[in-house]
Amino acid sequence: MSESQNIKSVLTEDRVFPQSAAFVSQARLDADRLAALHAAAARDHVGFWGDLAKKELGWQTPFTRVLDDSQAPNYRWFTDGKLNASANCLDRHLGARGDKLAIRFEGEKGDTRNYTYRQLHAEVCRVANALKALGIGKGDRVVIYMPMVPEAVMAMQACARIGAIHSIVFGGFSSTALKDRIEDAGARLLITADGGHRGGQIVELKRAADDALAQGCKTLDKVLVLKRTGHDVAFDARRDVWWHEIVPKQSERCDPQWVESEHPLFLLYTSGSTGKPKGIQHSTGGYLLGAMTTCQWVFDLRDDDVFWCTADVGWITGHSYVCYGPLACGATILMYEGAPTVPDAGRFWKIAQDHGVTIFYTAPTAIRALMRLGDDWPKRYDLSKLRLLGSVGEPINPEAWMWYHKVIGKEQLPIVDTWWQTETGSIMISPIPGAVPTKPGSCTKPLPGIAVEVVDEAGDVLTGKDAGGYLVITKPWPSMLRTIWNDNERYLKTYWGQFSNRYYVAGDSTHRDEDGYYWIMGRIDDVLNVSGHRLGTMEIESALVSHPAVAEAAVVGRPHEIKGESVFAFVICRGERPRGAEAEQLAKTLRDHVGREIGALAKPDEIRFADNLPKTRSGKIMRRLLRSIAKGEEITQDVSTLENPAIVKQLAGQD
Ligand code: WT7
């Protein structure tokens, strides 16, 4: 799929799929109930959320104030209420669902483990007590750098239980990225594992953690290490503590620490258009409410579902739809540790069959990759338990949507294409499966209580039948980010600055059709979306420039059939421009260098060396031009404003 092709195909897409009658008859929300929710939210936005928070969450101290907007746009919700996220996910199910499975787990090598709610509760309490024994308490930051194993969820829940703030760093990030995040968060504890299994190999988590600590991380006291792979790793007895030595001996009772609703539940670092990654700060009460209600509305989640969200807990999707949302609803989650194609291309479908998965939620990049492998793989397995399919992370092209619909959904299952962001905490725009007809490539309409508009450059709301512009959110919502950790100025500037604090600016451009359906066109800032992973072009540029051979670099995205977008770097060297074998060698060196600085996911697919970048007379790099060049398009743009128009040919690889 190329970006322009996709935009063309979504703009000419006119297929509409009604919701299936079989689904509607049993759905939590049908069209009438959905309309009633929308009406209630329209009548009283704040009251709507206040009622839901009372009904859905367990409060130790009920709140009396729903929204505090006295410091807008630093909004605060349910401020005088107290609760605990882990008590909401675990303790409150012990009565009715104690013996029901909370987690079904399968490792890449085929090992499986199950935990009932009662068992998970006991394990989480033990881990929580271990954290306390390591000196961790309310408000302390704990960085988690783990594989996709049940202990990762236990670690998150244990932090929540004692009021510690977790910050997960995806296992695919490098030691340098880990160090930066540990330092920015001022973490006192790191929880990691000796390694993880992925693609038949070991992910060297402990080794990367050791490297990170050798580079700095002065606030860290201890490293808690889970033995997962069992391969040899370095162990510093003054600093490192084995999970199996400290956790099992703890008591399986640990009273939850009641925290204010606004107490930060977690930080999660994500890329922006400028500078270093930002620590998105989420609250306890508002966040949990968003994760929970969206599970009910969008996934129609009930407690007999087996919910498989394929995202790693290192991303927001794994926070809201692996750990917090489904457990708060008392459902069973499925966790899988490894790659989708190990030992063969049928692995995902075999897992879905073997564990009786009923709801499957994944990313378009995975759908496209699985589609490529052919229809025979899914056809070999019994997928009859599936009742709902979901997509998240990037626009889904209609072709991939149709394959998902036909081959996996047997033309029966609803597909929910869910638009949201790390910052929004939970799903914002999505079909309601029992109520909203779908169109391939559109995330359809905003959820109840979510106020979305399209605005133009001047910030004026577009009301037409066919509106294209910036996607903004006009009213606060409970699961919104609260700030950027240690940098409220950046929070204000990034999300609210563009239109003088009037709206939350998502950073996406969108198109709204005559039925009020939204079609997301992609980021308007310098943020790339590679396989559903968010990467800042500036971040990759600074990684490149930190190599001694590089004088200057510009990174753009290029449409990619499977990944959605791939990383394309233009590099200016110190000294002569390398050519031939020398250029190839340096390109490899630089790719590895980016892998070390950020992680393998940020490695450029292509590096092109040139003598200069296309700059305007005021010194601005013409990125638009670079994007066209990367796509291999013919240059039709006006290059007369360039200081060095002759460079275009060279950048295009023609010289
Ligand atoms: C960006 C947020 C929160 C989910 C995981 C990604 C893009 C996300 C969709 C969708 C079109 C989507 C947007 C958004 N995006 N979902 N259904 N259709 N685009 O979270 O890393 O914070 O990235 O992902 O561009 O701004 P994230």
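As an exercise, find the ratio Rg/Rh for segment 1-133 from alpha-carbon atoms, using the Kirkwood inverse-distance average for Rh.
Looking at segment 1-133, the ratio lands at 1.10.
Looking at the P(r) of segment 208-334, how many percent of alpha-carbon pairs lie beyond 18 Å?
Everything past 18 Å amounts to 70 percent.
Write out the cysteines belonging to the chain for which the nearest other cysteine Cβ is not under 4.7 Å, or none if no such cysteine exists.
If one checks each Cβ against the other cysteines of the chain, Cys89, Cys159, Cys217, Cys295, Cys309, Cys323, Cys329, Cys443, Cys573 turn up with nothing under 4.7 Å.
Given the rule -39500 (n - 2.57) for each run of at least 4 DSSP H residues, summed and divided by the residues of the chain, what is its mean residue ellipticity at 222 nm, to the nearest 500 deg cm²/dmol?
-8500 deg cm²/dmol, from helical runs alone.
Do me a favour and compute the ellipsoid semi-axes for segment 531-652 from its Cα gyration tensor, root of five times each eigenvalue, largest one first, whole Å.
22, 18, 13
Calculate the tail of P(r) for segment 354-399: the fraction of all Cα-Cα distances greater than 17 Å, expressed in %. List each step's numbers first, then the result.
Values: 436 of 1035 pairs.
Value for segment 354-399 (Cα pairs over 17 Å): 42 percent.
How are the alpha carbon pair distances in segment 265-334 distributed across 10 Å bins from zero to the largest one, expressed in percent?
Final binned percentages: 20, 48, 24, 7, 0.
May I have the pair-distance distribution P(r) for the chain, computed from all Cα-Cα distances with 20 Å bins from 0 and rounded to whole percent?
Values per bin, smallest distances first: 19, 54, 26, 1.
For the pairs Lys179/Lys206; Lys55/Lys385; Lys465/Lys563; Lys218/Lys278; Lys132/Lys249; Lys227/Lys588, note any where the Cα-Cα span goes beyond 24 Å.
With Cα atoms farther than 24 Å apart: Lys55/Lys385; Lys465/Lys563; Lys227/Lys588.
Can you say what percent of the DSSP beta bridges in segment 531-652, counting only those with both residues inside, are antiparallel? Round to 5.
The antiparallel fraction comes to roughly 70 percent.
Could you run the Karplus curve 6.51 cos²θ - 1.76 cosθ + 1.60 with θ = phi - 60° over segment 14-22 and give me ³J(HN,Hα) per residue in whole Hz, x for Gly and Pro?
Along segment 14-22, the couplings run 10, 6, 10, 10, x, 5, 6, 4, 4 Hz.
Do any GluC sites (Glu not before Pro) in segment 398-430 lie in a DSSP loop with no more than 12 other beta carbon atoms within 10 Å, and if so, which?
Answer by residue number: Glu411.
If you project the alpha carbons of segment 378-425 onto their three principal axes, what span does each projection cover, largest first, in Å?
38, 22, 17
Do any GluC sites (Glu not before Pro) in segment 611-655 lie in a DSSP loop with no more than 11 other beta carbon atoms within 10 Å, and if so, which?
Within segment 611-655, the qualifying GluC sites (Glu not before Pro) (loop, at most 11 other Cβ atoms within 10 Å) are Glu634.
Tell me which of Leu226, Ile144, Ala22 sits at the most positive position along the dipole axis of the chain, charges placed on C-beta atoms (Lys, Arg +1; Asp, Glu -1).
Ranked along the dipole, the leading option is Leu226.
Out of segment 387-465, which chymotrypsin sites (Phe, Trp or Tyr not before Pro) are coil in DSSP terms and have no more than 14 other C-beta atoms within 10 Å?
Answer by residue number: there is no such site.
Work out the length of the dipole vector of the chain about its Cα centre, built from +1 on the beta-carbon of each Lys and Arg and -1 on the beta-carbon of each Asp and Glu, and round it to the nearest 20 debye.
It comes to approximately 1000 debye.
As a footprinting exposure proxy, order Tyr324, Tyr145 by other Cβ within 10 Å, with the fewest listed first.
Lowest count first: Tyr145, Tyr324.
Give me the number: length gained by fully extending Ala237 to Lys218, i.e. 0.36 nm times residue separation minus the C-alpha to C-alpha distance, one decimal in nm.
Details: separation 19, 0.36 × 19 = 6.84 nm, distance 1.73 nm.
Here the segment from Ala237 to Lys218 would lengthen by 5.1 nm.
Between Asp382 and Ala133, what is the FRET efficiency for a Förster distance of 51 Å, r being their Cβ-Cβ separation, to the nearest 0.05?
So the FRET efficiency works out to roughly 0.65.
Segment 434-475: D in µm²/s via Stokes-Einstein (Kirkwood Rh, Cα pairs, 25 °C, 0.890 mPa s)?
The diffusion coefficient I find is 208 µm²/s.
Averaging sequence separations of C-alpha pairs under 8 Å and six or more residues apart, then dividing by the length of the chain, give the relative contact order as a whole percent.
Relative CO of the chain lands at 14 percent.
Label segment 422-560 by shape, choosing from rounded, prolate and oblate, from the square roots a ≥ b ≥ c of the eigenvalues of the Cα gyration tensor; if a/c is under 1.5 it is rounded, and otherwise prolate applies when a/b is larger than b/c, oblate when it is not.
Because a/c hits 1.5 or more and a/b exceeds b/c, segment 422-560 counts as prolate.
Which whole-number percent is the relative contact order of segment 531-652 (Cα, under 8 Å, 6+ apart)?
23
List the equivalent ellipsoid semi-axes of segment 291-428 in whole Å, largest first, each obtained as the square root of 5λ for an eigenvalue λ of the Cα gyration tensor. Write down the numbers at each step before the final one.
Details: eigenvalues 97, 53, 41 Å².
Three semi-axes, in Å: 22, 16, 14.
By DSSP, what percent of the beta bridges with both residues in the chain are antiparallel, rounded to the nearest 5?
Just about 60 percent of them are antiparallel.
Over all directions, how big on average is the projection of the convex hull of the alpha-carbon atoms in segment 60-105, in square nanometres? It would help to have the intermediate numbers written out before the result.
On the way: hull surface 20.3 nm².
So the Cα hull casts an average projection of 5.1 nm².
Between Lys620 and Ser500, what length comes free when the chain is fully extended (0.36 nm per residue of separation minus the Cα-Cα distance, one decimal in nm)? Before the final figure, lay out each step's value.
Values: separation 120, 0.36 × 120 = 43.20 nm, distance 2.54 nm.
Full-extension gain reported as 40.7 nm.
About the Cα centre of segment 78-201, what is the dipole size in debye to 20, counting +1 per Lys and Arg Cβ and -1 per Asp and Glu Cβ, all else neutral?
Taking the Cα centre of segment 78-201 as origin, the dipole is about 320 debye.
May I ask which residue of Tyr503, Val259, Trp485 lies farthest towards the positive end of the charge dipole of the chain, with charges of +1 (Lys, Arg) and -1 (Asp, Glu) on Cβ and the Cα centre as origin?
Positive-most Cα among the choices belongs to Val259.
Indicate the gyration tensor shape class of segment 134-236 (rounded, prolate or oblate), computed on the Cα atoms with a ≥ b ≥ c the square roots of the eigenvalues: a/c under 1.5 is rounded; otherwise a/b larger than b/c is prolate and the rest oblate.
Values: a/c = 1.77, a/b = 1.29, b/c = 1.37.
In terms of gyration-tensor shape, oblate.
Grab the Cα-Cα distance for Ala36 and Glu643, subtract it from 0.36 nm times how many residues apart they are, and report the gain in nm with one decimal.
Length gained, Ala36 through Glu643: 212.6 nm.
Along the charge dipole of the chain, which of Thr176, Val306, Gln250 sits closest to the positive end, that is, farthest toward it, with unit charges on the beta carbon of Lys, Arg, Asp and Glu (+1, +1, -1, -1)?
Gln250
Given Cα positions, please report Rg to Rh for segment 486-540, the hydrodynamic radius being the Kirkwood one.
1.05
Could you give the distance between the Cα centres of segment 158-185 and segment 19-72, to the whole Å?
32
Please label the shape of segment 402-488 as rounded, prolate or oblate, based on the square roots a ≥ b ≥ c of the eigenvalues of the alpha-carbon gyration tensor (a/c under 1.5 means rounded; beyond that, a/b larger than b/c means prolate, else oblate).
Judged from the Cα gyration tensor, segment 402-488 comes out oblate (a/c at least 1.5, b/c at or above a/b).
No lab work stands behind these numbers, since they all come straight from the coordinates. Everything quoted here is computed from the prediction, not taken from an experiment. Using ideal geometry, Cβ is built from the backbone for each residue, glycine included, and neighbour counts are taken over all protein chains shown.
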